[in-house]
Amino acid sequence: MNILYLSLILLVISTLELFNKKNIFYFFIATILIYFHIGLSYKLGVDWIEYYSLYENISNYENYEIGFSWLSKFFSYININFWVFVFAIKFIFLTSLFVLIKKYCLYPTTAITFILIFLFPFINDPLRQLIATSILFLGILMNKSKISYKNIIFGFLFHSSYVLIFFIKLQFIKRKQLVKISILFVFLSLLLIHNFHYLLLLGDNFIIKKIYFYLTYAVQPNIYSLFIRIIFLYFVCFNKHVNLINKKILTNSVYINFWMLSFLLLLVELLAFQFPLLSQRLRIYLSPFPFILFLNYIYFLKDIIFKSTLLLIVFLYLYATLFSFMSGPMGSFYSLENNIVIQFLLDFPPNDIEENIRNFWLTN
């Protein structure tokens, strides 16, 4: 099945949820579909081949965060098949996401539909980040939304970008001051774009190289799409009705943390004008939270036509971005036919997947 068709099926299920708010059946069906097509994906995307090389002791462990390197070494040492390792990581990630959404969002099926479409290219094969994201979601679920310093350090061991979750610890700053300081920092960062080569003076270790790569990656984002994301996030963070409704239905600590994480995504998207890779890396951590806040607001709208129109507009934007991705040069690497069950039923027919991926990395 093509991800575009799966998205339409999930849209239908989400629409049924819209008119039957308390029916858990729709959420259950949606999660089963995602577990099957995403959780059991096999050779999907382009990153898995490097993780496979690491797992088989072909790649250098020093090129990866220490937590992921040790985890790979351990499971490889005890002869766990690489794909079992991958499926376990995806299962933990998806389960933590589903539980988080079900606990805090009043339209859970719609939420996971939006998140799947928005994050599809990033929830298949970046295994290090899937682990780090699971640490964030589980930390919120197990500690009543509080993100501890231990959680931040632990997540950082699996992906260096997780260090930016430290932003959530700035809650002691009043919101108006935090907004002013953060926006000022964003604009200063954009002005200093050409001076980041000085980072290399701090050394050539793995972390410095990673930060430098994130800040100097040259591929520019789609400006129109970026503006839409910024407008959406601004609405979620600063619309008084969105904030009042979520303050009522979420505990204070949960609301504050979700708002902080949504605002962090807004800042990251502003930085995407010059640092597009940084925003791509952080979306997987942060995007569930503005969707939760937005859909909780939508839930209480009384005008069903207005409500449906807003949801349709968001879906069409997300679907258009996914369609653009799948129609591009990367789309051929993300067919949902690359699924362990489907391939097993077909008796694993020969293909050129690995060769095509290696050629992709040689030319990019």
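The values are calculated or read from the model by the stated rules, or taken from the named source; none is laboratory data. For clarity, every value in this text was computed on a predicted model and none was experimentally measured. Note that we place each Cβ from the backbone using ideal geometry, even for glycine, and neighbour counts take in every protein chain shown.
When LYS169, LYS144 are checked against the criterion of being closer than 16 Å to LEU286 by Cβ and either at pLDDT below 90 or not hydrophobic (A, V, I, L, M, F, W, C) (or both), LYS169 stands alone in meeting it. In the stretch 119-141, the residue that is modelled with the lowest pLDDT out of those that are assigned to a helix (DSSP H, G or I) and of a type in the set (Val, Ile, Thr) is ILE140.
Mind checking which residues of the stretch 222-250 are among the β-branched types (Val, Ile, Thr), over 16 Å from VAL314 (Cβ atoms) and surrounded by 13 or more Cβ atoms within 10 Å (Cβ to Cβ)?
Keep residues of the stretch 222-250 that are among the β-branched types (Val, Ile, Thr), which gives 223, 228, 230-231, 236, 242, 245, 249.
Now restrict to residues that are over 16 Å from VAL314 (Cβ atoms): 223, 245, 249.
ILE245, ILE249 - these are the residues of the stretch 222-250 that are among the β-branched types (Val, Ile, Thr), over 16 Å from VAL314 (Cβ atoms) and surrounded by 13 or more Cβ atoms within 10 Å (Cβ to Cβ).
Output yes when any residue across the stretch 304-312 is under 20 Å from ILE101 (Cα atoms) and buried (at least 20 other Cβ atoms within 10 Å of the Cβ), and no when none is. Scanning the stretch 304-312, I find at least one residue that is under 20 Å from ILE101 (Cα atoms) and buried (at least 20 other Cβ atoms within 10 Å of the Cβ), so the answer is yes. Count of the stretch 273-295 residues, restricted to those that are more than 13 Å from the chain's Cα centre (by Cα) and under 26 Å from LYS240 (Cα atoms), is 4. The condition of being in a loop (DSSP other than H, G, I, E, B), more than 26 Å from LEU141 (Cα to Cα) and among the hydrophobic types (A, V, I, L, M, F, W, C) holds for only one of ILE49, ILE58, that being ILE58. For the stretch 317-364, a tally of residues being among the aliphatic types (A, V, I, L, M), modelled with pLDDT of 85 or more and surrounded by fewer than 15 Cβ atoms within 10 Å (Cβ to Cβ) returns 4.
One line per residue, one yes/no per condition, for (1) surrounded by 21 or more Cβ atoms within 10 Å (Cβ to Cβ); (2) touching a residue at least 60 places away in the same chain (Cβ under 8 Å); (3) part of a helix (DSSP H, G or I); (4) among the hydroxyl-bearing types (Ser, Thr, Tyr):
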{"position": "ILE101", "(1), (2), (3), (4)": "yes, yes, yes, no"}
{"position": "ILE112", "(1), (2), (3), (4)": "yes, yes, yes, no"}
{"position": "LEU116", "(1), (2), (3), (4)": "yes, yes, yes, no"}
{"position": "ILE153", "(1), (2), (3), (4)": "no, no, yes, no"}
{"position": "PHE158", "(1), (2), (3), (4)": "yes, yes, no, no"}
{"position": "PHE167", "(1), (2), (3), (4)": "no, yes, yes, no"}
{"position": "GLN171", "(1), (2), (3), (4)": "no, yes, yes, no"}
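Reported count of residues in the stretch 223-262, each being within 22 Å of the chain's Cα centre (by Cα), more than 18 Å from VAL179 (Cα to Cα) and either of a type in the set (A, V, I, L, M, F, W, C) or modelled with pLDDT under 70 (or both), is 5. Residue-level check: of (1) surrounded by fewer than 12 Cβ atoms within 10 Å (Cβ to Cβ); (2) at pLDDT below 85, PHE196 misses just (1). Here is a check on your reading of the model: is SER72 outside any helix (DSSP H, G or I) and hydroxyl-bearing (Ser, Thr, Tyr)? No; evaluated as a whole, the condition is false for this residue.
Taken as a whole, the stretch 284-300 holds at least one residue that is in contact with a Pro (Cβ under 8 Å, 6 or more places away or on another chain), on the phi < 0 side of the Ramachandran plot and not acidic (Asp, Glu).
Which is buried (at least 19 other Cβ atoms within 10 Å of the Cβ) and touching a His at 6+ places or on another chain (Cβ under 9 Å), of LEU6, LEU94, LEU40?
Working: LEU94 fails: touching a His at 6+ places or on another chain (Cβ under 9 Å); LEU40 fails: touching a His at 6+ places or on another chain (Cβ under 9 Å).
The match here is LEU6.
Taken over the stretch 96-108, the residue count meeting the criterion of being of a type outside the set (Gly, Ala, Ser) and under 14 Å from the mean Cα position of the chain (by Cα) is 4.
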